[in-house]
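The structure appears right after this line, and notes come after that.
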Amino acid sequence: MRIGIIGAGQLGRMLALAGYPLALQFRFLDSSADSPGAQVAPIVTGAFDDATSLKRLAAEVDLVTYEFENVPVAALQEIAATRPCFPPVDALRVSQDRLLEKELFGRLGIPTPPYRAVDSRQDLDAAVAELGLPSVLKTRRLGYDGRGQHYLRRRGDIDAAWEALGGVPLILEGFVRFEQEISIVGARSTRRETRAYPIVANTHRDGILRVTRAPQRNARLQRDAERHLGRVLDHFGYAGVLTLEFFVERGRLMANEMAPRVHNSGHWTIEGAATSQFENHLRAILGLPLGDTRATGHSAMVNFIGTMPARERLLALPGVHYHDYGKSPRPGRKLGHCTLVAPTAATRDALLRRVLRLVPR
Ligand code: AMP
């Protein structure tokens, strides 16, 4: 069985690495031959919407998945017409647009921060008048890792935000004074088996995920997150791994966004859960029984952003696992991560403090 992965970033690479013990083979499609995935499996080099490259990929594989959210929907539709393709194209379409995403959450009874669509400067003024300040102006499409967002703290910020982002469809969101950010990663198989991982706590800086702590033991939030996840999975007739990110405000969940793919906040599952999110994604799209999603200890995942830390010093700490994606360094770029697993939350937090002293910030 050969699986085509659209996108050859670190997520694709970790999918392939999880698939080899299952006797799977892989082909990537990416515009850059020098991608993390290309170091572990053959790659078709070409734009995601280049018909010839898509055909070449389809000809070489039995089934297609994607690891990157900005794959053009039309390209995925084209490939899905010739090969089974999971997760569903419609989940990709909705996840590409923050407005469609929030409208769907609303229809499914999943709470979100208040929001307004903004297509003109008048819309922006009206939205600010309704939602108040502070608020966050975001591009509806193509934003990630904090890009395409502006915080509006005072009225004087409005002009600069419009100057920077105006001209494309936008969304204004009320600023959430959250106690915590959490996410849930879950899998549903083509045989409709569903498993969810424990919810995890995420810390972001400048819109980029820095640290995930897992598991986050809170029975009520876990139950609510699983209920929301189940509704989204049902809606799309989903197969594969899906991630939902939430703010926790006054003890309640508010959905921020969904990702129809394996997720950075699930990297801890490689060493910290009975089955990794990557293996479960592959099991899910192949209709294999899903693996146990339980946490085997208390984990933390730390992203390496822009600069790699000294490998030897990190590996000298007990329970630390190192992942280098093989990318060239660039400010703000996710180059790798480490995961540490400890027997208790207290020992995990103590070890995390030592790890963070070794990771450039
Ligand atoms: P996003 O790209 O929407 O995931 O935003 C990146 C990060 O910016 C989030 O993880 C939050 O830390 C912060 N953020 C985004 N939207 C809001 C909001 N409406 N209120 C408060 N913080 C936000």
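The values are calculated or read from the model by the stated rules, or taken from the named source; none is laboratory data. From a predicted model like this one, the values you see are computed outputs, not experimental measurements. Here the Cβ positions follow ideal geometry from the backbone for every residue, glycine too, while neighbour counts run over all protein chains shown. These accessible areas exclude ligands, DNA and RNA; they are computed on the full protein's heavy atoms, side chains included. Shrake-Rupley method; radii C 1.70, N 1.55, O 1.52, S 1.80 Å.
Annotations
- What you get for the range 85-125, charging only the Cβ of Lys and Arg (+1) and of Asp and Glu (-1), is a dipole of about 100 debye around the Cα centre.
- ARG252 contributes about 150 Å² of solvent-accessible surface, heavy atoms of the protein only, 1.4 Å probe.
- For ASP125 and ALA23, the FRET efficiency from 1/(1 + (r/R0)^6), where r spans their Cβ atoms and R0 equals 45 Å, is about 0.15.
- Relative contact order (%) - the chain, alpha-carbon pairs under 8 angstrom, separation at least six: 13
- A crude spin-label estimate for the pair ARG205 and LEU358, with each label 7 Å from Cα along the Cβ direction, gives 1.8 nm.
- For the range 1-126, the per residue solvent-accessible surface stands at 40 Å², with DNA, RNA and ligands left out and a 1.4 Å probe.
- The charge dipole of the chain, taken about its Cα centre with unit charges on the Cβ of Lys, Arg, Asp and Glu (plus for the first two, minus for the last two), comes to roughly 960 debye.
- Candidates THR212, THR203, THR347, ranked by Gaussian network fluctuation over the chain, Cα under 10 Å, top entry: THR347
- Treating r as the C-beta distance of GLU193 and ALA350 and R0 as 56 Å, the FRET efficiency rounds to 0.90.
- With every protein chain in place, the chain: carbon and sulfur % of accessible area (1.4 Å): 49
- Residue-wise HN-Hα coupling along the range 96-104, computed from phi with Karplus coefficients 6.51, -1.76, 1.60 (Hz; x: Gly, Pro): 7, 9, 4, 6, 4, 4, 5, 5, 5
- Averaging the sequence gap over all C-alpha pairs within less than 8 Å and six or more residues apart, then dividing by the number of residues, gives the range 141-299 a relative contact order of 25 percent.
- Under 5 Å, built H, 5+ apart or other chain: amide partners of PHE28: ILE5, ILE43, VAL44
- Neighbourhood charge, 11 Å Cβ-Cβ cut-off, centred on TYR325 and excluding it, Lys, Arg +1 and Asp, Glu -1: +3
- The length gained by stretching the chain between TYR322 and ARG2 to full extension, at 0.36 nm per residue less their Cα-Cα distance, is 112.4 nm.
- Using a probe of 1.4 Å on the protein chains alone, the accessible area found for GLU60 is around 60 Å².
- Most positive-pole-ward Cα, ILE270, ALA75, GLY319, against dipole of the chain from beta carbon charges: GLY319
- Computed magnitude of the charge dipole of the range 107-203 (debye, nearest 20; Cβ of K, R +1, Cβ of D, E -1): 500
- Karplus 3J(HN,Hα) series, Hz, for the range 24-32 with 6.51 cos²θ - 1.76 cosθ + 1.60 (x for Gly, Pro): 9, 10, 9, 9, 9, 10, 7, 6, 10
- When ILE43, ILE208 are compared by accessible surface with a 1.4 Å probe, the order from highest to lowest is ILE43, ILE208.
- Environment charge of ARG361, counting only residues whose C-beta is closer than 9 Å and scoring Lys/Arg +1, Asp/Glu -1: +2
- Taking label positions 7 Å along the Cα-Cβ direction at both ARG155 and ARG311, the computed distance is 5.7 nm, reported to one decimal.
- Karplus 3J(HN,Hα) series, Hz, for the range 254-262 with 6.51 cos²θ - 1.76 cosθ + 1.60 (x for Gly, Pro): 10, 6, 9, 7, 10, 10, x, 5, 4
- Toward the positive end of the charge dipole of the chain, with +1 on the Cβ of Lys and Arg and -1 on the Cβ of Asp and Glu, the farthest Cα among GLY106, ALA342, CYS85 is that of ALA342.
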